[in-house]
Structure formats: structure tokens, C-alpha cells
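Data first, discussion second: the structure below is written as C-alpha cells.
Each value in this text was obtained by applying a stated rule to the coordinates, not by laboratory testing. Everything numeric in this text was worked out from a predicted model, so none of it was measured. Here Cβ is always computed from backbone atoms with ideal geometry, including for glycine, and neighbour counts include all displayed protein chains.
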Amino acid sequence: MNPPPGQRDGRPDDAHLYAPYPSPLTQAYAPPALRAPEPPAPASSGLTRASWAWLGVGALLFALVAGAVGARLGAGDGGILELETRTAVPLPDDNGSIAAVAEELLPSTLQIAAQWGEDDGATGSGFVLDEDGHVITNNHVVADAARGGRIAVIDARGERYPASVVGRSETYDIAVLEVDGLTDARPAAIGASRQMRVGETVVAIGSPLGLGSTVTSGIISALERPVTAGPASAASYINAVQTDAAINPGNSGGPLVNLQGQVVGVNSAIATAGGLGGGRGSIGVGFAIPIEQVQITADQILRTGRARYPVIGANVDTRDTDDGARVAEVPASGPAAEAGLRAGDVVTHVEGTRVTDGVSLIVAIRSRQPGETITLTVERDGRELELEVELASQVG
């Protein structure tokens, strides 16, 4: 396979992998409007308007919600997380009190302050994972500072601690920090997004616009919502928990919590209305990374120092459609080629679940683990086929 321009071995090179994210210095970061981007320029191979990520780049851009607020800011790979987490009994199922949830989670929630260069910085949120001082946040909160900048966390009492990056995943927008001196912080209890139902109450905790220890509430608006966020060169794909709890710039990396005080997701992105001068904050459409994916990614990072994600080895068109994901190219010798997938095929289902476009296919693949065998339902020349593909993996 000849990789797309700017990529090596099917992965973006450093310049593409860590493209800088805009960070105005005197105001909260203004996310781009929710809209389809302009179609990409034709690829050098002659395929037109096809996306050239390993599985494609996103057709819809949602705004990541790390906030830049000032020039000087005061089980093995693929395994489920087996770290020691807090064993405290969660709040009762019928608790129903947002105040009780806030009291339980505020000591576990942190403000993240990242700085790079002389005047560039951003704030986000995070939560304590374990007794060893590990903290979960979003990759996009710390990505720039991870390359020679400074990172600190501030707890609910206003105490500040230096932090370093253990590892991060651009693909899943997750980073694990190690915090020096964070010895008495309370690890957050972990729940399960898959047990949540649409309409259930959730609480978002974080530092919107730099306002630490802020609590908002709402409901689960949707589950398994395929979204992609961030610039095309560094997009993350999320099988998201959607909520109408107010999430604003600076909430990134903070916990989304059920009424038992358990983390069910990591707040990561918001949809915004209007252009650059339009709405820049919450319009009641926010997205969190499911905690199950966070656990897997954090486990991989803490065990091996890096995260992996599954691939089928095909390039897909990620323009907005409703009839499936069109395959643009199938490089030789990859899993897709071995399974018999061809350019021009339209993938309509993954394991019996409908996919409507390239983004939903990418999300469906990345919600699984390398080594799994999945069944793709494919339309080809008016016929419907089922192909079994064993997922390979890449680091990212």
C-alpha cells in the first residue's frame, strides 16, 4: 500500500499527528460551528473526495471543549482495566440527589492547567483514577503541553500539583497523567455507560471556562452516538454518550456521573451553533467518551505506555450519506483484502448493526478490540454479502 500523503506505514507522521489546536489567549476557546467540512481535495492516486485516514477522517466536526483561558494560567493490550479502584459503596440506586453526587465526586475531580511556550495555555478537567496518583483527562487538553510544556492539576481545595503524561491516545482522545504528591485524593467510583438508559439523570463535573468545581446536570439524550471531533489531521472518533447537561470549554476530561456517583463517561465534545462569531458554549448537545473505552485505553497505557486501536485495513469515504459506508480503497495484504472486501463495496452493517456512513463504520470498528473477528454486511453490484474480518491493530 502506498500511504496517503503525510503518512508513513498507514499512520500520520508527527506533523499531522499532533497538529496544533487553536487556543486564543484572552478568552475561552471558541469551538468551530457544527457543520460538514469542505470535501477534501482529490487524492494523488486519482480517487476523488475520498478520505485518507486508515479508516477515514470525519465528515462532521464537533468542537473539543478544552478551554484556553489566559496567557499565564495560575489487562495487557485490549484488556479491561484491572487497576485498583476505590471500593467504597456507590450511592444507593434511588439516591436521586444531585447534591449528594456532587459531594461524592467533587473531591475526585481536578482542574487541568496546561501551558506551552511563553503565552499559550489551556485548561481542562480530569478525575482521579486510582490510589497511585493517576488522573484521566482528554488528550486534546494536554497534547500541546506534552511536548515540552508544563502541566499541573488543581484539586477542589485549590492545591496545585505538577503532573506528567504517562501516555495518551489521539484516536480515543484519552490521556493518563501521573501527579506528584496527590496522595490523599479520592479515586472516583467507576460505573458502566452500557447500563444507562436514555432519559436517566447524569451530572457533569469540571472546570468550564476555568471555573473549577462546577457542577451541572441533565439527562442522557442518546447512547452510542457516532461523532468525530477535532481537526481532520487529529480527529478522534467517539461512540458517544450524548447529554444535555451543560458542557462548555474547560469541561474536557471531566467526569459524567450517574446518580450513584459513578463515572459513566468522560466529557469531550460539544456541538455548537453559528459561525466563529456565533454560539460558542453549551446548546445542550454534549458528548462523553463511554467509560468502558476509557478503561481499556487507560489500562493499555498504564501497562505498555501506549494505546492501540483496531483497524480493518481499508480507506472509506466519510462524506455524509445515509445508505452505508462506501469503500474507496482496499490495500493488499490487509485484513479487509484477506476477507474479500473490494473498492466500491458499501458496508451497511457491522455485526448486524446498521451503519449509515463512513464515520459510523469507523466508530463501530473502534468500539471493538484488535484480534476480534467481526461480520460486515456488504452490498456489491446489487447483491448482499457477509464477510468476516479479523481486526488488526495500530498504535495511536
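The figures follow:
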read-out: Amide H partners (placed H, <5 Å) of Leu341, local residues excluded; value: none
read-out: Mean separation of Cα contacts under 8 Å, 6 or more apart, over the residue count of the range 190-295: relative contact order %; value: 29 percent
read-out: Residue order, fewest to most surrounding Cβ atoms within 10 angstrom, among Phe127, Phe287; value: Phe127, Phe287
read-out: For the range 307-396, size of Cβ-based charge dipole, Lys and Arg +1, Asp and Glu -1, in debye; value: 280 debye
read-out: Gyration tensor verdict on the range 109-171 (Cα atoms; rounded if a/c is under 1.5, prolate if a/b is larger than b/c, oblate otherwise); value: oblate
read-out: Cα gyration tensor category, rounded, prolate or oblate, for the range 284-325 with a/c compared to 1.5; value: oblate
read-out: Computed Kirkwood radius, in angstrom, where 1/r is averaged over Cα pairs of the range 307-396; value: 12.7 Å
read-out: Backbone HN-Hα couplings from phi across the range 344-355 [Karplus 6.51/-1.76/1.60, Hz, Gly and Pro as x]; value: x, 5, 10, 7, 10, 8, 10, 6, x, 9, 5, 10
read-out: Loop-resident sites, the range 125-177, for trypsin sites (Lys or Arg not before Pro), counting at most 12 other Cβ within 10 Å (DSSP); value: Arg147, Arg157
read-out: Cut-off 16 Å (backbone N to label point 7 Å along Cα→Cβ of Thr304), residues of the range 136-172; value: 167-172
